[in-house]
Structure formats: structure tokens, C-alpha cells
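Report on the structure given below.
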Amino acid sequence: MNLRQFTAKLCEKCGTYMIQHPTIHGYIKCHSCGYMKMENPIITLENYITSNSLHPELLNDPGYTKEIQDNANRLLDKVNAFLHELNISQAKVNSGWRSPTINTSIPNAAKGSNHLKALAVDLGDANGELRKIVLSKLDIAKKYGIYFEDMRWTPTWLHCQIVVPGSGKRIYIPSTAPAIKSDAWSGTYDSKFN
Ligand SMILES: [Zn+2]
Ligand SMILES: [Zn+2]
């Protein structure tokens, strides 16, 4: 057995070994079902579930079901591919999956937050650099089906979700409360990105 086999990852879809993708750098591919993913994902499943080790106990929470894990993998496949395409190699999970108890403990968290279903992630963005990049690449966000809370309500983080908001807008206002930072960005973008 060579080292590569020894350290190989198993396909999340069918359990077969993943191999280096023959043509796409940085990706591995299941040679049984064809599923592909990043070899070293920017955000790992563990970082997502534990909110970057803030809540390690969530890995053993009874609410961490197969459905939650499947949702999280679907979310992370898209968000990681999105970040990779933006040439971003590091991102910090400020808030990942939330159990109902944790969601309730977060001030101003939405009652039906998509974090509860592992369909949303908050990435740290203390200085607004991530926001600037994302606002200039909404075509790529559209390609991966990623939606954002209006950054005037999230000035130091970026809320990404793979659920279409009620308005269908790529960037949507998340709350009836006033914005936290009304000049975080212009608040307008081309509607072709919706
Ligand atoms: Zn497979
Ligand atoms: Zn969020």
C-alpha cells in the first residue's frame, strides 16, 4: 500500500476512494461515481460544524444528523469552490452550524435561521475586504447559487447561504431592524445577478 492510498479520502456519496483529479488542479475525484471536491477545502466540515472550534461539543450533539451533515457538505462544496475561484485561500468561520440552543443564545439571530439547517455560514470580514471582492464577483456567486445578507447589516462578517431568499435577491435585507453600518456599501447592484 503506498502513502497516497493510505491517506486517501473516501467519497461522501458512495464510499469509494477518491483519486487526484486528472486535469483540475487541487481537486480529487471519485472514480466510481465521479463526485469531485477540493483536496484541501478552505473550510472543513469540522470547522463548519464547530464554528472554528468554538463549539467542539456540537460534533457529538444529537441534532448533528445525517441530514445536517449532507446539507453542510452541499453548502461547503459551493462556498469552497466560490472562494477558490475568487483566489481566496483562507476564510474563518465566525458562525457555522447552530443547534437550536446556540441559535437562541445569539442576539438578533433569526428564529428560522438557515444556520439551523447547515445551509448558511458566516465568514469573518473584519475590514470589509471579503465584501469588496464578493461585490465585484456576483456573477460567480450566481454560478454557485450563493446568496448574501445585505452587508450593511453584517459589516464585519459575510453571511453566505444556498437557500434562495423570499425576495429572490442575490443580496437581501435580513431584518426589519436598522442597518448596523449604513455606508458599508452602496446598497445597489445589477439585478441580472438575482
Ligand atoms: Zn463516489
Ligand atoms: Zn449568518
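With the crude spin-label approximation of a point 7 Å out along Cα→Cβ, what separation in nm comes out for Leu86 versus Lys66?
Roughly 3.4 nm, to one decimal.
Work out how far the C-alpha atoms of region 58-130 reach from end to end along every principal axis, then list the three figures in whole Å, largest first.
Principal extents (largest minus smallest coordinate, Cα): 36, 28, 20 Å.
Once the Cβ-Cβ distance between Lys132 and Lys13 is put in as r, and R0 is 30 Å, what FRET efficiency do you end up with, to the nearest 0.05?
With a Förster radius of 30 Å, E is 0.25.
Strictly greater than 27 Å: what percent of every Cα pair in region 41-193 meets that?
Values: 1982 of 11628 pairs.
The share of Cα pairs beyond 27 Å in region 41-193 comes to 17 percent.
Ratio of region 131-194's C-alpha Rg to 2.2 N^0.38 Å, to two decimals?
So the Cα radius of gyration is 1.02 times the expected 2.2 N^0.38 Å.
Where does each of Trp185, Trp97 land when they are ranked from fewest to most other beta-carbon atoms within 10 angstrom?
So the residues, fewest neighbours to most, are Trp185, Trp97.
So, by mean Cβ neighbours within 10 angstrom, what's the order for 124-135, 56-67, 72-83 with the highest one leading?
Final packing ranking: 72-83, 124-135, 56-67.
Calculate one ³J(HN,Hα) per residue across region 176-190 by plugging θ = phi - 60° into the Karplus curve 6.51 cos²θ - 1.76 cosθ + 1.60, and present them in order as whole Hz with x for glycine and proline.
Each residue of region 176-190 in turn: 8, 5, x, 4, 7, 9, 5, 10, 4, 7, 5, x, 10, 8, 5 Hz.
About the Cα centre of region 59-119, how large is the charge dipole given +1 on each Lys and Arg Cβ and -1 on each Asp and Glu Cβ? Please answer in debye to the nearest 20. Numbers along the way, then the final one.
Details: 7 positive and 5 negative charges, 33 e Å.
Roughly 160 debye for region 59-119.
With labels modelled as points extended 7 Å from the Cα through the Cβ direction, what inter-label distance (nm, one decimal) is found for Cys33 paired with Ser105?
3.5
When DSSP assigns beta bridges and you keep just the ones with both residues in the chain, what percent turn out antiparallel, to the nearest 5?
Close to 90 percent.
Going by amide H atoms built from the backbone, whose H comes under 5 Å of the H on Asn194, apart from near neighbours?
The list, which skips near neighbours in sequence, is Arg170.
When the Kirkwood radius is taken over all Cα pairs of region 10-105, what Stokes-Einstein diffusion coefficient follows at 20 °C and 1.002 mPa s, in µm²/s?
Translational diffusion coefficient: 148 µm²/s.
Every number here is computed from the coordinates shown, using simple stated rules; none is lab data. In this text the structure is predicted, and so the values were computed from the model without any measurement. Positions of Cβ are backbone-derived with ideal geometry, glycine not excepted, and every protein chain shown enters the neighbour counts.
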